[in-house]
Every structure is written in C-alpha cells, then in structure tokens.
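Data first, discussion second: the structure below is written as structure tokens.
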Amino acid sequence: MSRLLFQAVCRNMLGVWGTPLEQGLVYGILVLGVYLTYRILDYPDLTVDGSFPLGAAIAATAITKGIHPIIATFLGFFGGALAGTVTGFLNTKLKITGLLAGILTMTGLYSVNLRVMGGRSNLPLLRESTLVTMFQDRFGFEWGAILLFALIVVITKLILDYFLHTELGLAFRACGDNERMIKALGVDTDLCKILGLALANGLVGMSGSLVAQYQAFADVGMGIGTVVAGLASVILGDAIFKPKGIIGATFAAIFGSILYRFTITIALRAGFAATDLRLVTAILVIGALSAPRLKEIPFLKKIIESRRSAKLEDEVEKREALQLIGSEKHASD
Amino acid sequence: MLVIEKMNKTFELGGGTFKRAIRDLDFTAAKGDFVTIVGSNGAGKSTLLNLIAGVYAPDSGNISISSTNITNLPEYKRAKYIGRVFQDPMMGTAGSMSIEENLAMSIKRGEKRGLKLGVNGRREQFRTVLKRLDLGLENRLKDQVRLLSGGQRQALTLMMATLTAPEVLLLDEHTAALDPKTAARIIELTKEIVSDNQLIVLMVTHNLQQALELGNRTIMMHDGEIVLDLFGPERENTSVDSLLEAFSRVKKERFLDDRALLA
C-alpha cells in the first residue's frame, strides 16, 4: 500500500498521471488505432471516445472479478472491436454518415460503460494485481510500466506492419485510398470498413484497458477528448518524421504519441492548468490541420515567399558560380 | 459469352421526373468480340457498362457471363469476370500505394485474400508484365502510383484490369482524359493486350474513326436502345460520314451539336 501511495505521490508531482514516456507508449496503442481509421481508412472515427473507456471498464471489472489481467486486457480489446463493428455497421449498412455513426456509438457506449462497471462511474483497482503491478514487481517501479507498454506497443506495431502488407491488408488500404477501384477488383468494401473499424477500436479498447491498470482505476469520463489527443499524436508524428510507407508511419504514430505527451508536460510546466490541456490539444490540432491554409494568409505568404526567393537567388548564384568554375575548367582543358 | 436480355433501367431524377436510361435492351457478344460503343451523351453507354459491372442493379432483365447469371451479384462478386478501366486515370489505381502493391491487389481479383504477404515472390512476374508497357515502370516497382503521369497510370490500370484475364473487359472512354500522343499509345496497348487474351471487350468512345478502326463490331446507342449494330463487311464499308448520317437518320433530325462533338 505504501508503494502505491508513493506511486500516486510521484505521479502527482508530475502533475499528470505518470511520466510522459509511459503515457506516450500506452496511448501509442490507441494512436495506432486512430492511425488506422484516420489515415488508412480515411474515416474520422469518434467511436474512440467511447471504446477507450469501454476497454478500461471491461478490464477493470474483469480484474476485480478475479480474472487474470492478461485475459482482462484481451477482453478490453474485444469490447473495443465490438464497438467498432457497431459503428461500421451503422455507416456501411444503415448508411449513416461516418461522423454521426461514431457519435451515436460513442453516446450509446456511455450507458454501456456504466452498466459494465455495475452502475458506478468509477472503479478503483488499488488493491488488485494488474499487468502493471506485475511488471513493476518484476522489473522495478521505475521501469516496469515502460517495459510493459513498450513491449505491447512494439508487438502491436510489428503485427500491424505485417498485416498491412498482406493480401488482405493491401485491400484494406485500398479501401481507404480508392474504394471504387478495389470494389472493381472484387473486395467487399463494406466488410473491409467494418473490419478496419473493429481492429482500430480493438486497439483503442486494449489501450483503455492498459491505461485503467496503469492509473489503477477506470472512470466513465476518461474517454473525453481521446480522439483529438490521438489525432494530435498522429499529426505530430507525421509532421516531424514525414514518414514514407507503412513501417515509417506506424513508427511516427508511436513517436507522435510520446512527443504529444511531452508537449503536454511542457505545457503544464509552462503554467497551464491541467484543466486547460484539452484546449491546448485542440489548438495544437487546429494549427497542424490548418498549416497549409495558413500559408495563404497574405501576411504569412509574403514572409514565406521572400524566404523562398532568397533561397532561389542563393541557388542561382551557386549554380552560376559552378558554371563559371566549369567553364574555366573547360577553358583550361 | 456475354448475354443481356430485356434489360431495363430507369433513374429517378427527383421531383417526379424519370429518365429511362436503358430500354428493353438485348445484347450478345461472343468470346473474342471487340465491340466499340458510340452514341451521344445520355444515350446510355456508360449506364450499360455500369449495369454489366454491377454498379447498379437493373429494374428488369438478365445479364449472364459464360452462362452464369450475374444479374443479382453485387459489384465486388462480379469482379472475377470483369475488368474495368475508367475514364479518369486516377480511378483505376490506388495513388498512395506503390506500383507493386497495386499489381499485387489486381492479381487477386475476385479471389479470397489471405494473410500472406501480398508482394513477396511476385516481383519478377510484375517486372515482366510492366516491361511490356515500355514505360520504364519495371524499375519503379516501389514508387507510389500518385507520382506517375495520367498516361502511365492509365497504362497500369489497363495492365491491372487484364492481368488475371477476366472474361469481359469494360473500357469507358479510357483515353478521353489523355493527350493525343498518350491516348494513341494506350490504344496500341489495348490492341496488344486484347489480342493476347481472348476477351469480350466493350469500349465506349466518342471518336468515330477509332470506333470503326478498332475491334470487329460497332454498336450505336440512342435513348437507351441499340439502334445500329455493325459487323463484318457492312462495317468495313462504313465510313465516319456514313456513320454520322446513320446517326442523324436515327435521331430523325439534325443534331449539329452532336456533329460538332463527334467529328
């Protein structure tokens, strides 16, 4: 118990729940899910805000009922996958638009999550043995969680990388890229989308179940803003690593997640209150998404263009100089 | 053998107006037939192709390929019989994926897709296939398709549509969006590929010269019906002018707009 108290104090000292690295890794699993829907399927999936706490609620409930944490974590995965399936069904079979389908599932899940937790809005896991405590007992308090999350996120990444290069995975990627084309090649695009949403939300649910074990409770409100945080991570990773290909992109997603948590920690250090973080995140995402438009604002355009022309002039001078050297050389030959 | 019997399709345009796009259409094409389809805008050419491909279901009538009735099959299940090239070069390939990945997808046309790596062990085959296009694509297997020009993309699409030798190949004005030189190259490729595989080809075109030169049969559509079916010696003796005349005779009035459009 004293260890747990120490743990809680440590985390409170950081102002957020745990170190940004641990968080970046455990949320990295979620970010991989968001990457699947947002980047590959080209589908803005809001189910995440509901499937994340669903995974947490399922795992927390299962663990308090005495189920092994590994199984509980997988149950979280399946819960999330089921939620994604519902959204996919609403979108493809009932023809509800993507955003609304996600919102509907998310809204419904709020009640489901309360049911799963037996009508309580918060389910503590303080005295329970979880995957996190198991790893911390084994590998020490400092490294336990990092090791556990790094292991899971790397395995997930490798499996995803492989999957996205299989025959099925290629079809899945084409579904988001050019639906008409892949349909003409004999792929049931509805099924493809449903499977994609199930897989993505499964990862989100698994991430939720690990976060619950990490922070030692599940809370019905823990999902709010998850999508935007996930998007922020994907966009941040893309902007910094500019990945080419799938392997780079999944890597960028995970590192984007870690960077995002670092950004949040810095924002906190800079004096933002913890309650301001969602606004900071939202502004971060708006900034990143609007960056191409910002270039068209006359004032900014001028700055960018003057820089570019300066660069061009440099280039021209350099080239002329080279030519000069070349012609001199030629003359001397 | 492609057989279409008594097919009808009406579109609701909204506000209580309807358009009969296809009227009691009967059509049969045998293996090895290369049919060019001409007709003015709204004649039902693209609708016919879309009905064969399964983009829409007909209101009535039957479609069968090699005596398999495909009338009620969804589009994705017809894929194993039908290859398609669209007018828009962007339409037939996945731009964010590499050339080899696009080919790997098309090689599994209409088949079950599993958890085997899609590209592995097929690169040599892809190179051989791409070499035939003579565009240097065989050295760019890992390049994203969006880096290719429209003509290159259309050539790749054509290759992908015929890689698994489907029974029917649908070409919907597949050279219309290309510059004349590239278009000519794509037509050459079309000829080569078609002569290698015994397919049924249906090709929509607005170029009457091309319609008469390519293939062995030309049909003219008007208002959802096939109004002219040319083949054999009769077709050989048809010139663009006589085709245009037939066209205006069919419409029973002079359509200067169409003349300008088609000439």
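The values are calculated or read from the model by the stated rules, or taken from the named source; none is laboratory data. This structure is a prediction, so every number in the text was calculated from the model and none was measured. No Cβ is skipped: glycine too gets one built from the backbone with ideal geometry, and neighbour counts run over all protein chains shown. In case anyone asks, the SASA skips ligands and DNA or RNA and just uses the protein heavy atoms, side chains included. Shrake-Rupley method; radii C 1.70, N 1.55, O 1.52, S 1.80 Å.
Looking at the stretch A:173-207, which of the residues that are of a type in the set (A, V, I, L, M, F, W, C) and touching a Leu at 6+ places or on another chain (Cβ under 7 Å) is nearest to the other protein chains (Cβ to nearest Cβ)?
Start the filter on the stretch A:173-207 by keeping residues that are of a type in the set (A, V, I, L, M, F, W, C), which leaves A:174-175, A:181-182, A:184-185, A:187, A:191-192, A:194-195, A:197-200, A:203-204, A:206.
Checking the rest, the ones that are also touching a Leu at 6+ places or on another chain (Cβ under 7 Å) come to A:175, A:199-200, A:203-204.
Details: A:Cys175: 9, A:Leu199: 13, A:Ala200: 18, A:Leu203: 18, A:Val204: 22 Å.
Here the residue is A:Cys175.
The stretch A:96-204 holds helices (runs of 4 or more DSSP H) entirely within its bounds, and those carrying 1 or more residues that are modelled with pLDDT under 95, under 20 Å from the mean Cα position of the chain (by Cα) and in the same structural domain as A:His68 (by TED's automatic domain parsing) map to A:98-116, A:141-163, A:167-177.
If the condition is being open to solvent by less than 20 Å² (accessible area, probe 1.4 Å) and more than 14 Å from chain A (Cβ to nearest Cβ), then the stretch B:69-90 contributes only B:Thr71. Does A:Ile67 meet the test of being assigned by TED's automatic domain parsing to the domain that holds A:Thr37, over 20 Å from the mean Cα position of the chain (by Cα), within 20 Å of A:Thr156 (Cα to Cα) and open to solvent by 10 Å² or more (accessible area, probe 1.4 Å)? The answer is no for A:Ile67.
Only one entry in B:Gly136, B:Gly118, B:Gly151 is within 9 Å of another protein chain (Cβ to nearest Cβ) and either over 20 Å from A:Gly176 (Cβ atoms) or buried (at least 20 other Cβ atoms within 10 Å of the Cβ) (or both), namely B:Gly118. Checking the structure you have, find out if any residue of the stretch B:13-21 is open to solvent by 10 Å² or more (accessible area, probe 1.4 Å), in contact with a Pro (Cβ under 7 Å, 6 or more places away or on another chain) and not in a loop (DSSP other than H, G, I, E, B). Scanning the stretch B:13-21, I find no residue that is open to solvent by 10 Å² or more (accessible area, probe 1.4 Å), in contact with a Pro (Cβ under 7 Å, 6 or more places away or on another chain) and not in a loop (DSSP other than H, G, I, E, B), so the answer is no.
Scanning the stretch B:45-71 for residues being in a loop (DSSP other than H, G, I, E, B) and closer than 13 Å to B:Met203 by Cα gives a total of 0. The single condition among (1) more than 8 Å from chain A (Cβ to nearest Cβ); (2) open to solvent by 10 Å² or more (accessible area, probe 1.4 Å); (3) not aliphatic (A, V, I, L, M) that B:Arg113 does not meet is (1). Somewhere in the stretch B:56-68, is a residue surrounded by fewer than 22 Cβ atoms within 10 Å (Cβ to Cβ), closer than 30 Å to A:Arg39 by Cα and within 9 Å of chain A (Cβ to nearest Cβ)? Checked the stretch B:56-68: no residue is surrounded by fewer than 22 Cβ atoms within 10 Å (Cβ to Cβ), closer than 30 Å to A:Arg39 by Cα and within 9 Å of chain A (Cβ to nearest Cβ).
A:Ile155 meets all of the listed conditions (1) open to solvent by less than 10 Å² (accessible area, probe 1.4 Å); (2) away from chain B (no Cβ under 14 Å) but one, namely (1).
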